[in-house]
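Working notes, structure below.
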Amino acid sequence: KNQVEQSPQSLIILEGKNCTLQCNYTVSPFSNLRWYKQDTGRGPVSLTIMTFSENTKSNGRYTATLDADTKQSSLHITASQLSDSASYICVVINPNFGNEKLTFGTGTRLTIIP
Amino acid sequence: GAVVSQHPSWVICKSGTSVKIECRSLDFQATTMFWYRQFPKQSLMLMATSNEGSKATYEQGVEKDKFLINHASLTLSTLTVTSAHPEDSSFYICSADIGGRVRTPYNEQFFGPGTRLTVL
């Protein structure tokens, strides 16, 4: 069982609408959680990085939240644009004695339609 | 800043040949680089961790003799897929750790754009 579960697997929304992607994790211990955007055929690009003490972090139209008690995170996208069509990956970092181990979620495939 | 490049971006080869993929950190020195493999509609899977000047550490199930990794300098790591077979066809992504002796949660990895390998 993957230690980082994302939902939904895929999502289609109209341009201009908002959406929220979910990430539940069981990775422990936990150092920080990151959201990445991966365009088709490209490498992931970091959107947000949050430590366990941070509850929310924004990057433009992207706002990530974190509840370390319930081990849940969400990524909210406001006023979606066609260029937001991509896979969004939640990654949880285990400190592992200085050699960080990244555990990747399965991703949410977001499609924005005009 | 923090740009990682990969070359080539895509490659098609015949079964049985070897293919080399380069990963470069363009504007920073990376003590540690990582190689991932991603199959369609799946997550990135870590193959190996590459430290400059030492042998790579491979994840369980990854054949070190098939996937040769060399990290000759602080800005270059190479992955060679030897005797490639169709099942090796995948998207290979490297990342580089901006590093530092003091680890913070913000010492993040920066990913390259990936290399699409197709073995015929």
Given backbone amide H placed at 1.01 Å from N, residues whose amide H is under 5 Å from that of B:Ala48, ignoring those fewer than 5 places away on the same chain, are B:Trp35, B:Glu59
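Taking the Cα centre of region B:1-101 as origin, work out the dipole magnitude from +1 charges on Lys and Arg Cβ and -1 charges on Asp and Glu Cβ, in debye rounded to 20.
60
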Chain A: relative contact order from alpha carbon pairs under 8 Å, six or more residues apart, as a whole percent, is 37
Toy charge model, Lys and Arg Cβ at +1, Asp and Glu Cβ at -1: chain A dipole around Cα centroid in debye, rounded to 20, equals 160
Highest GNM mean-square fluctuation among B:Glu22, B:Glu59, B:Glu87, for chain B with Cα springs under 10 Å, belongs to B:Glu87
Taking B:Ser9, A:Ser85 and ranking on accessible area (1.4 Å, protein atoms only), highest first, one gets B:Ser9, A:Ser85
Exposed trypsin sites (Lys or Arg not before Pro) being those in a DSSP loop with at most 15 other Cβ atoms within 10 Å, the longest stretch of chain B free of them is B:67-100
With Rg from the Cα atoms and Rh as the Kirkwood inverse mean 1/r over Cα pairs, the protein assembly as shown has an Rg/Rh of 0.97
Residue by residue through region B:11-16, the couplings from Karplus 6.51 cos²θ - 1.76 cosθ + 1.60 with θ = phi - 60°, in Hz, x for Gly and Pro, are 8, 10, 9, 7, 4, x
Reduced to Cα centres, the span from region A:61-114 to region B:26-94 in Å works out to 24
Expected vector for region A:49-54, Karplus 3J(HN,Hα) from phi with 6.51, -1.76, 1.60 and θ = phi - 60°, integer Hz, x for Gly and Pro, equals 10, 10, 7, 5, 8, 9
Mean-square fluctuation maximum in Gaussian network of chain B, Cα pairs under 10 Å, restricted to B:Asp88, B:Asp65, B:Asp97, hits B:Asp65
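To the nearest 20 Debye, how big is the dipole of the protein assembly as shown about its Cα centre, given +1 on the beta carbon of each Lys and Arg and -1 on that of each Asp and Glu?
In debye, rounded to 20, the protein assembly as shown gives about 200.
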GNM of chain B, Cα pairs under 10 angstrom: of B:Ser18, B:Ser43, B:Ser77, the biggest fluctuation goes to B:Ser43
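The values are calculated or read from the model by the stated rules, or taken from the named source; none is laboratory data. None of the values given here were measured: they were computed from a predicted structure. Because the Cβ atoms are built from the backbone with ideal geometry, glycine has one as well, and the counts that use them run over all protein chains shown. Ligands, DNA and RNA are excluded from the accessible area calculation, which covers all protein heavy atoms including side chains. Shrake-Rupley method; radii C 1.70, N 1.55, O 1.52, S 1.80 Å.
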